[in-house]
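**Q** Quick one: the structure is below, questions incoming.
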Amino acid sequence: MQIILYLAVSVLTGLVSLASHAHEFWIEPSDFQPEPGDRVSVDLVIGTDFQGLSSPYTPDEIAAFAMIDAAGERPITGRFGDMPAGQITAAQAGLTLLYHQTGPLFVNYRKPEKFISFAMEKGFAEIAALYHQVEVENFRLVEQYRRFAKSLVMVGSTAGQNQLLGQDQLLGLEMELVALTNPYQHPAPETFRMAVYESGVPRPGAQVTVFIRHAPRDIEQRIIVADEDGQIRMPLLPGRQYLFDSVKLYCLKKPDTETGAEWESLWASLTFAVPAD
């Protein structure tokens, strides 16, 4: 049985410093529902509460960046420093899947409370408890992290043509969110299902944070715990944009000899927009 928590999110005070590690990373296309032939910007965003700043195209940090539609998979490329990071042409009617994977990145913690706060926020109270009694003086903890972002874009009008929609797919990423229901169906589905996977295997009990954007500064947040099949279920509201986020945090078998990293986190995100009625 999944567990759902509802939280009120205030973004009126603006973004906190992006130097903090506990921030979501997602793909935000300039248009979630373009027409065939339209050019679409693919923004890589880091922030909190579905509000953030653009991340530039940095090829040395990218392990994969591509689009998949009815014609197959094609890389998304750019020039160093480009913001937005990518541009695509919406070529094929139906669902287009965008995905991005970073290489290993690292964060240094100089205060245990920052790591504790991150672990608690993402559902790892047992890990946070390991650091409640540590000495603050000369504290140093290195965490390695990788991010796996996906976005669903619907190309062309599909009202009354649900057979042409297409479907999200399991790519086999090390951490991945997969929409088991196409959110662009018309009329909108009564129940949306999504699954959390780790290297292609369902992840029961995973915490999923859902951000629902009604307007730029009107955002609702929910926390849902996946069921025994690694799935969550929830209704979708028309005219909203959705960001799903889930993290796995675990201790490395051996600290990285070069960086000293003891922990690794794997971040998965999924974005889409539900058509208005």
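The values are calculated or read from the model by the stated rules, or taken from the named source; none is laboratory data. Everything numeric here is computed off the predicted structure, so don't read it as measured data. FYI the Cβ positions are ideal-geometry reconstructions off the backbone, even for glycines, and counts take in every protein chain you see.
**Q** Is at least one residue of the range 183-200 within 20 Å of Pro29 (Cα to Cα), of a type in the set (Ser, Thr, Tyr) and within 17 Å of the chain's Cα centre (by Cα)?
**A** no
**Q** Name the residue that is surrounded by the fewest Cβ atoms within 10 Å (Cβ to Cβ), counting only residues in the range 186-209 that are at pLDDT 95 or above and among the charged types (D, E, K, R).
**A** Arg193
**Q** Among the residues of the range 138-155, are any without any contact (Cβ under 8 Å) to a residue 12 or more places away in the chain and either loosely packed, with under 12 Cβ neighbours inside 10 Å or farther than 25 Å from Leu44 by Cα (or both)?
**A** yes
**Q** Sticking with this structure for a sec: Give me a count of the residues in the range 112-133 that are in contact with a strand residue (DSSP E or B) (Cβ under 9 Å, 6 or more places away or on another chain) and part of a loop (DSSP other than H, G, I, E, B).
**A** The total comes to 3.
**Q** While we're on this one: Among the strands (runs of 3 or more DSSP E) contained in the range 1-108, which hold 3 or more residues that are closer than 30 Å to Glu228 by Cβ and modelled with pLDDT under 95?
**A** Strands (runs of 3 or more DSSP E) meeting the threshold: 3-8.
**Q** Spot the failing condition for Lys253; the list is (1) buried (at least 16 other Cβ atoms within 10 Å of the Cβ); (2) modelled with pLDDT under 95, and only one is missed.
**A** Unmet for Lys253, out of (1) buried (at least 16 other Cβ atoms within 10 Å of the Cβ); (2) modelled with pLDDT under 95: (1).
**Q** Taking the conditions exactly as written (at pLDDT below 95 and within 30 Å of Glu61 (Cβ to Cβ)), does Phe139 satisfy them or not?
**A** So Phe139 passes the test.
**Q** Which of the residues that make up the range 85-98 are in contact with a Ser or Thr (Cβ under 7 Å, 6 or more places away or on another chain) and surrounded by fewer than 20 Cβ atoms within 10 Å (Cβ to Cβ)?
**A** Once the filter is applied, which keeps residues that are in contact with a Ser or Thr (Cβ under 7 Å, 6 or more places away or on another chain) and surrounded by fewer than 20 Cβ atoms within 10 Å (Cβ to Cβ), the range 85-98 yields only Gln87.
Table: residues versus (1) within 27 Å of Val42 (Cα to Cα); (2) surrounded by fewer than 17 Cβ atoms within 10 Å (Cβ to Cβ); (3) modelled with pLDDT under 95.
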| residue | (1), (2), (3) |
| --- | --- |
| Leu164 | yes, yes, yes |
| Phe211 | yes, no, no |
| Gly260 | no, yes, yes |
| Ser265 | yes, no, no |
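**Q** Something else now. Among the candidates Asp82, Asp69, which residue alone is buried (at least 19 other Cβ atoms within 10 Å of the Cβ) and either charged (D, E, K, R) or without any contact (Cβ under 8 Å) to a residue 40 or more places away in the chain (or both)?
**A** The unique qualifying residue is Asp69.
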